[in-house]
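Notes follow once the structure below has been shown.
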Amino acid sequence: MLWSLAKVILFVAFIAALALGVGLLAETGEAMRITVAGWEFTIGPVQAVVLAGLLLAAVWLTLKVLGLIAAVIHFLNGDETAISRYFDRNRERKGFTALSESMLALASGEPKLALSRAQAAERLLGKPEITTLLVAQAAEAAGDGKRATEAYKALLADEKTRFVGVRGLLHQKLAEGDREVALKLAEKAYQLRPKHAETLDILLKLQSDAGDWSGARATLGAKLRAGTLPKDVFRRRDAVLALQQAQTVIDESASIEAREAAIEANRLSPDLIPAAALAARAYIEKGDKKNATRVLKKAWEVMPHPDLAAAFAAIEPEETPVERLKRFRTLTALRPDNDETRMLEAELLLAVEDFPAARRALGDVATRHPTQRSLAILAAIARGEGAEEALIRDLVAKAIAAPRGPQWCCDKCQAIHASWHPVCSNCGGFDTLSWREPPSVATPSPALADLLPLIEARPEPVPEPEPEAVREAEPPEDRTPLDEIARRAN
């Protein structure tokens, strides 16, 4: 808008200056005398300016006529393309001018002007590998999706521009949300350019979203061969994909393949907690308790986690609480000062009703790093030791308001997940979930509010359940360790 107004103002100023100049020349009264071959001509200043302009036009026209005559002479001498080249030069000059104007307009944020000039360049130049792409980009910028699609499809006809056309259509389908067609286009683009980094990233993302874990692993290998992925990152992400492939196979009730895929995932990345837990359960299903124990101990040494403890408990599901406590000491001895190890050992001691030992095992975890689980264990210990009801109610109230502790958090968008997944359901990030404290305090579980009546009134004795952290089955998503401990303490 402002540029259009500026152009109008400049045009009016030019006309005014021209009129002023003509008026000044007319007012001078001076005349010019020209003598040619005995003829004498007298002209005024304005006529002199007009004559100079006509002379320049005559020279330009003469040069054009001479060029055309030269082209005709070359044609008569046998050069069949001389005349066409003469006219093509002018056409080409105009085409490149339109092309440059289109590129400048596109860069300056004038998509409609860029589109019109690109179409003019396309008509004048006859170079679709240049102009058709520019038309497509200008049409996209101008919001003309139909025109852009036609241009990208036109690029598919030429082998030199086929990849560009496929890539353009791919981005269009991604913008439209048509991921099924986008996946097919990404596969075609990968066939055309197997080492194209952007194509590999898009294909990997689409395959992961579609659950094609086998294809995603092949694409990941292509990224490694193309040199766009470090080897250590490749191993970690390949393990993630192998793990998800194993879980998919389990869902399809193919136990042999599930065991193989789970064990492979653990071999690729032994510190991946879900892979270690799944591999251990695969060994347990085979009756190989030794290897299951080895896998879990190796993973526990890297990072203690409740899922590993649950899998370790599944190795001997029929053992008594005393036997379980004794067997778990081979696991807890690996990282004795870790908070997860301390809470696990305290839960095991609560199961055998050794409350003083449970307090010693818990140590200062509940005061140094209060969470729902650590405060719940402390409340259960206090109840078992016969503490006053006011103290127990205070601990339960603190547990209700406390954060839930480490959870599966996305490193990209900070979304919290109840269980591990290779792709964040919130932002779509691949391999971004890590076991850590969320950046903000999580909302306490509503189930904790039910604990206060259990602490205030003693119910009838019930059979003692196993500690939550070492149950054979994995806990539901919304259950907390406090539920089990409160029932056990009563």
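The values are calculated or read from the model by the stated rules, or taken from the named source; none is laboratory data. All values derive from a computational prediction rather than experimental measurement. Positions of Cβ are generated from backbone atoms using ideal geometry, with glycine treated the same way; all protein chains shown enter the neighbour counts.
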If you go through the range 158-171 one residue at a time, how many are under 21 Å from Leu115 (Cβ atoms) and out of contact with any helix residue (DSSP H, G or I) (no Cβ under 8 Å at 6 or more places or on another chain)? 1
Of everything in the range 104-140 that's within 31 Å of the chain's Cα centre (by Cα) and modelled with pLDDT under 75, which residue is farthest from Lys153 (Cα to Cα)? Ile130
Six or more apart or on different chains, Cβ atoms under 7 Å: show the pairs whose first residue is in the range 390-415 and of a type in the set (Gly, Ala, Ser) and whose second is modelled with pLDDT under 85 and not in a loop (DSSP other than H, G, I, E, B). Ala399/Leu448; Ala399/Leu482
Is the range 246-258 home to any residue that is modelled with pLDDT of 75 or more and either within 30 Å of Thr293 (Cα to Cα) or not in a helix (DSSP H, G or I) (or both)? no
For the range 181-203, does any single residue satisfy the condition of being part of a helix (DSSP H, G or I), basic (Lys, Arg) and under 17 Å from the mean Cα position of the chain (by Cα)? no
Can you name the condition, by its number, that Val396 falls short on among (1) modelled with pLDDT of 85 or more; (2) surrounded by 15 or more Cβ atoms within 10 Å (Cβ to Cβ); (3) under 29 Å from Gln244 (Cβ atoms)? (3)
Mind listing whichever residues of the range 179-221 are of a type in the set (A, V, I, L, M), buried (at least 17 other Cβ atoms within 10 Å of the Cβ) and farther than 19 Å from Leu243 by Cα? Ala182, Leu183, Leu185, Ala186, Ala189, Leu200, Ile202, Leu203
Inside the range 128-167, can you point out the residues that are in a loop (DSSP other than H, G, I, E, B) and free of Cβ contacts under 8 Å to residues at least 24 places away in the same chain? Leu156, Ala157, Glu159
Output for the range 213-224, where each listed residue is closer than 11 Å to Ala197 by Cα and more than 18 Å from the chain's Cα centre (by Cα): Ala222, Leu224
Residue satisfying condition, being in contact with an Asp or Glu (Cβ under 7 Å, 6 or more places away or on another chain), part of a loop (DSSP other than H, G, I, E, B) and modelled with pLDDT under 50, within set Pro444, Pro465, Pro476, Pro461: Pro465
For the range 301-358, how many residues are in contact with a Gly (Cβ under 8 Å, 6 or more places away or on another chain) and of a type in the set (Phe, Trp, Tyr)? 1
Over the range 331-371, the set of residues of a type in the set (Val, Ile, Thr) and surrounded by 19 or more Cβ atoms within 10 Å (Cβ to Cβ) is Thr332, Thr341, Val365, Thr371
Yes or no: the range 284-293 includes at least one residue that is outside any helix (DSSP H, G or I), in contact with a Ser or Thr (Cβ under 7 Å, 6 or more places away or on another chain) and not basic (Lys, Arg). no
Where the second residue is surrounded by 22 or more Cβ atoms within 10 Å (Cβ to Cβ) and part of a helix (DSSP H, G or I) and the first is modelled with pLDDT of 90 or more and aromatic (Phe, Trp, Tyr) and lies in the range 335-363, which pairs have Cβ atoms under 9 Å and are six or more apart or on separate chains? Phe355/Leu349; Phe355/Ala380; Phe355/Ile381; Phe355/Arg383
